[in-house]
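The structure appears right after this line, and notes come after that.
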Amino acid sequence: MDQDALKRLCAEAALAFVEDDMMVGVGTGSTVNHFIAALAARRGRVAGTVSSSEASAARLREAGIPVMDLNATGGCDVYVDGADEVTEHLAMTKGGGGALTREKIVAQASRKFVCIADASKLVPVLGRFPLPVEVIPMARSLVAREIVRLGGRPVWREGVVTDNGNAILDVHGLVITDPAALESDLNQLPGVVTNGLFARRPADVLLLGTPQGVRRIDRAVTRPSQ
Ligand code: 5RP
């Protein structure tokens, strides 16, 4: 099975998390495109969708699936999205497609986050995939210098403007052993809108497309000690 077939496999498996009348958050990327195609068979049965990008919104509308403004909903019952890298703890790097800010908003507004990814995305430690950081355009160089101080090698994704009108820096050379701490540190830099680490709000379930079938990993819930 090639990588695209593995993406389709896990995307179709995510339909099991979509029940009638649910508000469904929809992410961005080639794996999610398979999910949108599968969701088209349920059009008319979901309450609506909230999209993390203009690209996915256009695809959803083409498929006859209603797209709502997040503000007009009480949040989403489930959010389905891909990842560029994901760990067994379900922390992720996202934003390869540039939609990280809206993805993080929809993820935060959703009761369950189902990550769909082919097996190549599962890694022991995040960092091999360059970490996307969305920045206010006037702060691009300032943020880049601060990131160098933190040990990263930022590269401007030239020519790319996000759906929010901002720029993206892809940060190379990081070994991210504490993704939640780095996520917070980067968010403190003036000019940073969002970074592509999803550790403070990780996925709840990972559906991994493997040649042997879909492997499901649930996030371990830590209970407060008694
Ligand atoms: C877009 C994302 C995507 O989820 C990520 O890039 C994975 O993409 P694909 O499904 O095409 O491999 O974060 O901003």
Return the lysines within reach of residue 121: Cα separation strictly under 19 angstrom, same-chain partners fewer than 8 residues apart disregarded; answer none if there are no such residues. 7, 94, 104
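Nearest 5 is fine: what % of DSSP beta bridges in the chain come out antiparallel, could you say?
Working: 23 of 42 bridges.
That works out to approximately 55 percent antiparallel.
Taking the highest mean first, how do the peptides 163-169, 86-92 order by number of other beta carbon atoms within 10 angstrom per residue? Before the final figure, lay out the partial values.
Values: 163-169: 19.0, 86-92: 21.1.
Most protected by this proxy first, the peptides run 86-92, 163-169.
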Partners for residue 112 among aspartates and glutamates (Cα-Cα distance below 14 Å; same-chain residues under 8 apart left out): 19, 77, 81, 103, 204, 218
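Using the Cα centre as the reference, give the magnitude of the dipole from point charges on the C-beta atoms of region 107-226 (Lys, Arg: +1; Asp, Glu: -1; all else neutral), rounded to the nearest 20 debye. Don't skip to the end; give the middle numbers.
Details: 15 positive and 11 negative charges, 66 e Å.
Computed about the Cα centre, the dipole is about 320 debye.
Which sequence of 30, 52 reflects their accessible areas, 1.4 Å probe, from the largest down? The partial results should precede the final answer.
Working: 30 55, 52 0 Å².
If we order 30, 52 from most to least accessible, we get 30, 52.
Under a 1.4 Å probe, what is the accessible area of the chain per residue, stated in Å²? Spell out each step's value before the answer.
Numbers: 10710 Å² over 226 residues.
For the chain, the per-residue accessible area is 47 Å².
Rounded to the nearest 500 deg cm²/dmol, what is the calculated helix-only ellipticity per residue at 222 nm for the chain, with -39500 (n - 2.57) per DSSP H run of length n ≥ 4? Show your work: numbers first, answer last.
Details: 6 runs with 58 residues, N = 226.
Calculated at 222 nm, the ellipticity per residue is -7500 deg cm²/dmol.
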Would you please classify the overall shape of region 1-125 from the alpha carbon gyration tensor, given that a ≥ b ≥ c denote the square roots of the eigenvalues, rounded means a/c under 1.5, and beyond that prolate means a/b larger than b/c while oblate covers the rest? prolate
Region 71-199 - percent of accessible surface contributed by carbon and sulfur, probe 1.4 Å: 54 percent
Residue-count net charge about residue 12 - beta-carbon cut-off 14 Å; Lys, Arg +1, Asp, Glu -1: +2
Low-density loop positions, trypsin sites (Lys or Arg not before Pro), region 1-50 - DSSP coil, at most 16 other Cβ in 10 Å: 43, 45
Once all protein chains are kept in place, residue 222 shows an accessible area at probe 1.4 Å, nearest 10 Å², of 130 Å²
With everything on Cα atoms, drop me the angle between helix 140-149 and the longest principal axis of the chain, reported from 0 to 90° to the nearest 10. 70 degrees
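The values are calculated or read from the model by the stated rules, or taken from the named source; none is laboratory data. Just so we're clear, the structure is a prediction, and the values are computed from it rather than from any experiment. A quick note on method: Cβ atoms are made from the backbone with ideal geometry, for glycine too, and the neighbour counts reach across all protein chains shown. What goes into the accessible areas is simple: the full protein's heavy atoms, side chains included, and nothing from ligands, DNA or RNA. Shrake-Rupley method; radii C 1.70, N 1.55, O 1.52, S 1.80 Å.
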